[in-house]
Amino acid sequence: MTDLLKLDNNIVIAPMAGYSDVGFRSICCDFGSGATFTEMLSAQAMLYGNKKTQDMTFRYPTEKCVIAQIFGNDPIVMARAVGNPILDGFEGIDINMGCPAPKVVKNGEGSALLKNLPLAGRIIQACKKEAGMRPLSVKVRLGFNENNITEIAKMCEESGADFITVHGRTTKQMFAGEVDYDSIAKAKQSVSIPVFGNGNVTDKHSYEKMLSTGVDGIMIGRGVVGKPWLIADLLDKPYVISPIEAIKKHVEILRKYYPEQWIVLFMRKHFIAYASAFKGGAKSKIALSTSQSIDESLNILQELYNHFEI
Ligand SMILES: Cc1cc2nc3c(=O)[nH]c(=O)nc-3n(C[C@H](O)[C@H](O)[C@H](O)COP(=O)(O)O)c2cc1C
């Protein structure tokens, strides 16, 4: 790992807008993740003190290593976000150069920066200057339309990134199609900074396949949604908390930061994902998607836990 970022192990949890909340990150940490990422934070919104963005920077005291991810298209605005005191407590800063969402790309942000490597390089340099002792990383895809990952990885290294994460798809591929392991291996071979591999790691087999590319670490996204205990399974570690206790803890942590009615709506997708982890969980999805109370949803999940295998 980089000299700046010491991790307990090589599994990190991906930034996922709408999912990487403080409660979810905390239980991922309990199941042993080396680090987690916040969901992407708009550098522009931070400049204006946007409350919704500030609310995404809550951090629970027992979270060990959390990296704040920012997105934007202007080196000055991005550097100011890095220097914003609300990011002071985070162990690292990550720049989003992988988001394919049309509303982000049309602003020249996220993976659109892969079409303008000189600008991407200036953003990394400006952020690195402001990051101080915190490691500065970049999350990229293989390219925008075409695969030019070697050029992208070298640009990140030359501009001062301390490590990179490579999602093994181009922007054009969005989230579908095969992950290109050979290109992730090429990215690793082309630079001397650490490289994390990302894409479709959902079990031991895919974890080992990603490791076989030679990467220094692995970033997991969708594979842990509804199933954060996968982290302990992959690391061959015992669970320090049972799955049902973890689900309850997820909610309890959110209750420290957000109003109950917001949590009821916000947690629906997480609850449905948790139900999917149980063999008989599919039947409960409708009840969970219309539930008006957290206690009602937790009772449904407790019943699943009592009667079905994970
Ligand atoms: C719902 C959702 C939200 C995401 N939000 C972000 C984000 O905020 N920043 C980012 O860099 N990537 C984001 N991603 C991409 C993931 O970090 C990851 O690169 C992608 O899902 C592939 O990894 P996986 O196959 O392990 O899920 C998101 C993905 C999903 C499914």
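The values are calculated or read from the model by the stated rules, or taken from the named source; none is laboratory data. In this text the structure is predicted, and so the values were computed from the model without any measurement. Cβ: placed from backbone, ideal geometry, glycine included. Neighbour counts: every protein chain shown. With ligands, DNA and RNA removed, areas are computed over all heavy atoms of the protein, side chains included. Shrake-Rupley method; radii C 1.70, N 1.55, O 1.52, S 1.80 Å.
Compute the label zone of Y239 within the stretch 293-310: residues whose backbone N is under 11 Å from the point 7 Å along Cα-to-Cβ. It comes to 305-306, 309-310, nothing else.
With only Lys, Arg, Asp and Glu charged, each at its Cβ (+1 for the first two, -1 for the last two), find how big the charge dipole of the chain is about the Cα centre; round to the nearest 20 debye.
Values: 35 positive and 33 negative charges, 129 e Å.
Value, rounded to 20: 620 debye.
Label positions at N306 and D8, each projected 7 Å from the Cα along the C-beta direction, are separated by 3.2 nm.
Taken about its Cα centre, the stretch 243-307 carries a charge dipole of roughly 240 debye when the Cβ of each Lys and Arg holds +1 and the Cβ of each Asp and Glu holds -1.
Coupling constants for the stretch 6-12 follow from the phi torsions by the Karplus curve (6.51 cos²θ - 1.76 cosθ + 1.60, θ = phi - 60°), and in residue order they are 9, 10, 5, 7, 9, 9, 10 Hz; glycine and proline get x. For the chain, the solvent-accessible area works out to 42 Å² per residue, with a probe of 1.4 Å and every protein chain left in place. Express in whole angstrom the spacing between the alpha-carbon centres of the stretch 153-210 and the stretch 87-127. Between the Cα centre of the stretch 153-210 and that of the stretch 87-127, the gap is 16 Å.
Taking DSSP loops as anything outside H, G, I, E and B, show the longest stretch in the chain free of GluC sites (Glu not before Pro) there with at most 15 other beta carbons within 10 Å. Please report the intermediate quantities before stating the final value.
On the way: sites that count: E146, E178, E309.
Formally, the longest exposed-site-free interval is 1-145.
GNM on the chain, alpha-carbon springs under 10 angstrom: the most fluctuating residue among S111, S159, S289 is S289. When the charge dipole of the stretch 11-225 is built from unit charges on Cβ atoms (+1 for Lys and Arg, -1 for Asp and Glu) and taken about the Cα centre, the candidate among G217, L87, G34 whose Cα reaches farthest toward its positive end is L87. In plain terms, the chain from K51 to E151 could stretch by 32.3 nm, reckoned as 0.36 nm per residue minus the Cα-Cα distance.
Nearest 0.05, what FRET efficiency do D295 and E208 give at R0 = 45 Å with Cβ-Cβ as r? Efficiency computed from Cβ-Cβ geometry: 0.65. Bridging of K64 to aspartates and glutamates at a Cα separation below 12 Å is possible for D8, D30, E91, once same-chain residues fewer than 8 apart are set aside.
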